[in-house]
Amino acid sequence: MTAKLVSLRDAVDRLVPDGASIAIGCALEPAIPFAFAHELIRQRRSELHLIGPISDIAFDQLIGAGCVSQASAAWIGNVSAGLAHAYRRAMEEGVPRRIEVHDHSNFTIAQALLAGALGAPYLPTKTLLGSDIPQANGTFREAIDPFSGEKILLIPAIVPDVTVIAVQRADEDGNAHLWGPWGVSQEAALAAKTTIVLAEEIVDRAVIASDPNRTIVAGTKVAAVVHEPGACHPSPVQDRYRRDHDFFHEYHAATRDRQGFERWIGEWVTDVPDRAAYLRKLGARWTALREHRTSVA
Amino acid sequence: MVACAAREIREGERVFVGMRLPLIAFVVAKRTHAPNAIGLFELGVVRDQPASELLYTMGDNPNVAGAVWCARTIDLMGLLQRGDVHAGFIGGAEIDVHGNLNTTAIGERTHPRVQLPGSGGGADIASLAHRLIVIMPHDKRRLREKVDFVTSPGYGTGGDWRKRAGLPRGGPSVLITTLGVFRFVDGAAVLESYHASASVARIRDATGWPVATAANVRETEPPSAEVLRIIRAYDPAGFWTRRVE
């Protein structure tokens, strides 16, 4: 069983080939596995197809670093600061490269991943009828409900090659507890061919079994477990650490131009060997964000 | 804008809150006229009490502390699709006279002049909530005759467009801007009131469509001292309320 417990470096090296489709940032604003995104950049992954609803600045960093050829997403920006500069440069100027975007809404990305998780070919919906998103997405199809005769939109399943979720704790087999909102994390973890769990803490199986309703995915569906404390900074993890709002705002200011983006990626990603070094670099700032509540678990 | 937005939340309603200013509008409504309103947050949070401190995003830890339900996005979107959600808030970069919103791209979609973030859950709220409450800065470049891309459908080209498109209900009920308040009548925006700092003439000048006014167009009712106190106590540094984008 312990063979699943691997380093972040090995997880990316062994399980994420160039050209993979990868769902990441699936809890929306919280629990975004930035450590994983940064390791993808350090290992110079390319031609990735990113899948996710909101992603905050994780998608912006991967796009700016040139790792991405496609994105299926509902929103790519910087939630508390504004637009995503690297995404803008890619779309407006083709810098560092052009990417293909399949527009979604949060509901359709959730339905596409749920269909993947169900082994269903598609899910029918009433959302987005009359929106320009279906045409821009290119994969949806308008149809007539055979039961009611009404218009519906069919959202085809998304089956990611890889889904990465971050959780408060998991055991060595990948049985994973996530609390706080789940967003589309469970659907994405169940839909994927390969599911990777990043855990703030590795716990005994008995801790998981003491509260199985908190389990977002069972170990039997998990290919690899990475013990990576602080994996989600600057996004928050409920009862573990708060959101570092200033970090998002500083990133926004620092990456307005391409040179600033490259400096930022150098400082916080490529010149940093691993997450432990990143947290040391944050120093007192990191300590101040931490919380460890046991009230709910 | 926040005070006007809060007034749109009715007592006891289920409301999709959304990002930025609506986060504060929900707090104001809860603490004044709508103590039993329920806030739904699309990442999977349901609250019957406002968060105890200023939220920068709906995923901040304080928005989970004291929540009555942590769920999945699909659970809350399901409530929305079923017709269980009375009202929802969204903002936008561009809007037209029929309340169609663009948050996707200015210019051509594949080679945009300005790439915007996209729908998030906005297009779902616009498609499926009973009432849509739109909040945005008033600017001629934003209130346009026609938007470049319809991310979130309003009333399309007017008339029974939503029904023909297959949408089950809803549409914008109000557009609240930095200058005034528009109501939607037969699928088109009609100026209901102008804020104390503005005027009908100034709004006409700053709007990209010919502005129709209500017969009793008037000055917007100013926020009460109590509402101002709540807003300033909740966002003392003005992170959201003084922001101009």
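Using a Gaussian network model of chain A with C-alpha springs under 10 Å, which one of A:223, A:73, A:143 is most mobile by mean-square fluctuation?
A:143
According to the square roots a ≥ b ≥ c of the eigenvalues of the Cα gyration tensor, what is the shape class of the stretch B:2-234, taking rounded for a/c under 1.5, prolate for a/b larger than b/c otherwise, and oblate for the remainder?
Oblate shape, in that a/c is at least 1.5 and b/c is the bigger or equal ratio.
Rounded, prolate or oblate: pick one for chain A, where a ≥ b ≥ c are the square roots of the eigenvalues of its C-alpha gyration tensor, a/c under 1.5 means rounded, and failing that, prolate if a/b is larger than b/c, else oblate.
Values: a/c = 1.72, a/b = 1.15, b/c = 1.49.
Oblate, since a/c reaches 1.5 and b/c is not below a/b.
Per residue of the stretch A:57-67, in order, report the coupling 6.51 cos²θ - 1.76 cosθ + 1.60 (Karplus, θ = phi - 60°) as ³J(HN,Hα) in whole Hz, putting x for Gly and Pro.
Listing the rounded values in order: 8, 5, 5, 4, 5, 5, 5, x, 7, x, 7 Hz.
Just to be sure I understand the rule: take each whole DSSP H helix in chain B, project its Cα atoms onto its long axis, keep it if the span is 15 Å or more and its mean Kyte-Doolittle hydropathy is at least -1.0. Which ones pass?
B:21-31
Percent relative contact order of the stretch A:160-297, based on C-alpha pairs within less than 8 angstrom and at least six residues apart?
Numbers: 214 pairs, mean separation 31.3, N = 138.
Taking the mean separation of contacting Cα pairs over the length of the stretch A:160-297, I get 23 percent.
Quote the Stokes-Einstein diffusion coefficient, in whole µm² s⁻¹, for the stretch B:130-202, based on the Kirkwood radius over alpha carbon pairs, a temperature of 10 °C and a viscosity of 1.306 mPa s.
Translational D for this selection: 120 µm²/s.
With charges set only on the Cβ (+1 for Lys and Arg, -1 for Asp and Glu), what does the dipole of the stretch B:2-234 come to about its Cα centre, in debye to the nearest 20?
Charge dipole, the stretch B:2-234, about its Cα centre: 180 debye, nearest 20.
Across peptide A:80-87, how many C-beta atoms of other chains are within 10 Å of each residue C-beta, on average?
Average per residue, whole number: 4.
Order the peptides A:81-87, A:121-127, A:281-287 from the highest to the lowest mean number of other Cβ atoms within 10 Å of their residues.
Numbers: A:81-87: 22.9, A:121-127: 19.4, A:281-287: 12.6.
Top of the packing list down: A:81-87, A:121-127, A:281-287.
Quick one: work out Rg over Rh on the C-alpha atoms of the protein assembly as shown, Rh as Kirkwood radius.
Taking Rh as the inverse mean 1/r over Cα pairs, Rg/Rh reads 0.96.
Run the dipole for the stretch A:173-227 about the Cα centre, Lys and Arg Cβ at +1, Asp and Glu Cβ at -1, nothing else charged, and hand back the magnitude in debye, nearest 20.
Roughly 200 debye, rounded to the nearest 20.
Can you give the % of DSSP beta bridges in the stretch A:1-129 that are antiparallel, to the nearest 5? Kindly include the intermediate steps, with their values, before the conclusion.
Values: 1 of 13 bridges.
Bridges in the stretch A:1-129 that DSSP calls antiparallel: roughly 10 percent.
From the backbone phi of the stretch B:96-107, what are the Karplus-calculated ³J(HN,Hα) couplings (6.51 cos²θ - 1.76 cosθ + 1.60, θ = phi - 60°) in whole Hz, Gly and Pro given as x?
Using θ = phi - 60°, the values come out as 10, 4, 8, x, 6, 10, 10, 10, 9, 6, 9, x Hz.
Just tell me which aspartates and glutamates come within less than 16 Å, Cα to Cα, of residue B:146; anything on the same chain fewer than 8 places away is out.
Here the aspartates and glutamates satisfying the reach criterion relative to residue B:146 are A:132, B:94, B:96, B:108.
What ranking do A:67, B:70, A:232 get, fewest neighbouring Cβ atoms within 10 angstrom at the top?
With the fewest neighbours first, A:67, B:70, A:232 line up as B:70, A:67, A:232.
Report the charge-dipole magnitude of the stretch A:225-296 in Debye, nearest 20, computed about the Cα centre from +1 at each Lys and Arg Cβ and -1 at each Asp and Glu Cβ. Provide the component values of the computation, followed by the final result.
Working: 12 positive and 11 negative charges, 39 e Å.
Dipole size: approximately 180 debye.
Which aspartates and glutamates have a Cα less than 12 Å from the Cα of residue B:163, not counting those fewer than 8 places away in the same chain?
The reachable aspartates and glutamates, counting only those whose Cα sits under 12 Å from residue B:163, are A:150.
With unit charges on the beta carbons (Lys and Arg positive, Asp and Glu negative) and the dipole taken about the Cα centre of the protein assembly as shown, which residue among A:139, A:202, A:224 sits farthest to the positive side?
Value computed over the given set: A:139.
Exposure proxy check: A:104, B:33, A:233 ranked by fewest other beta carbons within 10 Å?
Numbers: A:104 32, B:33 14, A:233 24.
Ordered by Cβ neighbours within 10 Å, fewest first: B:33, A:233, A:104.
First check a/c for the stretch A:46-108, with a ≥ b ≥ c the square roots of the eigenvalues of its C-alpha gyration tensor; if it is under 1.5, answer rounded, and if not, answer prolate when a/b is larger than b/c or oblate otherwise.
Oblate.
Out of all DSSP beta bridges in the protein assembly as shown, what portion is antiparallel? Express it as a percent rounded to 5. Intermediate values should be presented prior to the final figure.
Numbers: 36 of 84 bridges.
About 45 percent, rounded to the nearest 5.
Before anything else, pin down the relative contact order of the stretch B:176-245: Cα pairs under 8 Å, at least 6 apart, normalised by residue count, whole percent. Write out the running numbers ahead of the final one.
Working: 69 pairs, mean separation 18.0, N = 70.
Value for the stretch B:176-245: 26 percent.
In the Gaussian network model of chain A, springs joining C-alpha atoms below 10 Å, which of A:62, A:114, A:153 carries the largest mean-square fluctuation?
Answer for the Gaussian network model of chain A: A:153.
Separation of the stretch B:159-195 and the stretch A:41-64 by C-alpha centroid, Å?
Taking the Cα centre of the stretch A:41-64 as reference, the centre of the stretch B:159-195 is 37 Å away.
Can you pull the mean other chain C-beta count within 10 Å for peptide B:73-85?
Values: counts 20, 14, 3, 4, 9, 3, 0, 3, 5, 1, 1, 0, 0.
Mean partner shielding for this stretch: 5.
Compute a Gaussian network model of chain B, connecting alpha carbons closer than 10 Å, and tell me which residue from B:131, B:20, B:113 fluctuates the most.
The residue with the greatest mean-square fluctuation here is B:113.
Fewest to most neighbouring Cβ within 10 Å: what's the order for A:118, B:21? Can you show the working numbers first?
On the way: A:118 13, B:21 21.
Ranking A:118, B:21 by Cβ neighbours within 10 Å, fewest first, gives A:118, B:21.
What fraction of the DSSP beta bridges in the stretch A:140-250 is antiparallel, stated in percent and rounded to the nearest 5?
Taking every DSSP beta bridge within the stretch A:140-250, about 45 percent pair in antiparallel fashion.
Taking beta carbons within 10 Å but only from partner chains, what does the mean come to for residues A:199-209? Each step should come with its number before you reach the end.
On the way: counts 0, 0, 0, 0, 0, 0, 0, 0, 0, 0, 0.
Mean partner-chain Cβ count within 10 Å for A:199-209: 0.
Could you tell me the number of lysine pairs in chain A with C-alpha atoms less than 17 Å from each other, where the two lysines are 8 or more residues apart or belong to different chains?
Within chain A, the lysine pair count is 4.
For chain A, calculate the relative contact order in percent as a whole number, restricting contacts to Cα pairs under 8 Å that are 6 or more residues apart.
Working: 658 pairs, mean separation 60.4, N = 297.
In percent, rounded to a whole number, it is 20.
Throughout, read-outs are computed from the coordinates displayed, never taken from laboratory work. Please read all numbers here as calculations on a predicted model, not as lab measurements. So basically every Cβ, Gly included, is an ideal-geometry build from the backbone, and we count neighbours across all protein chains shown.
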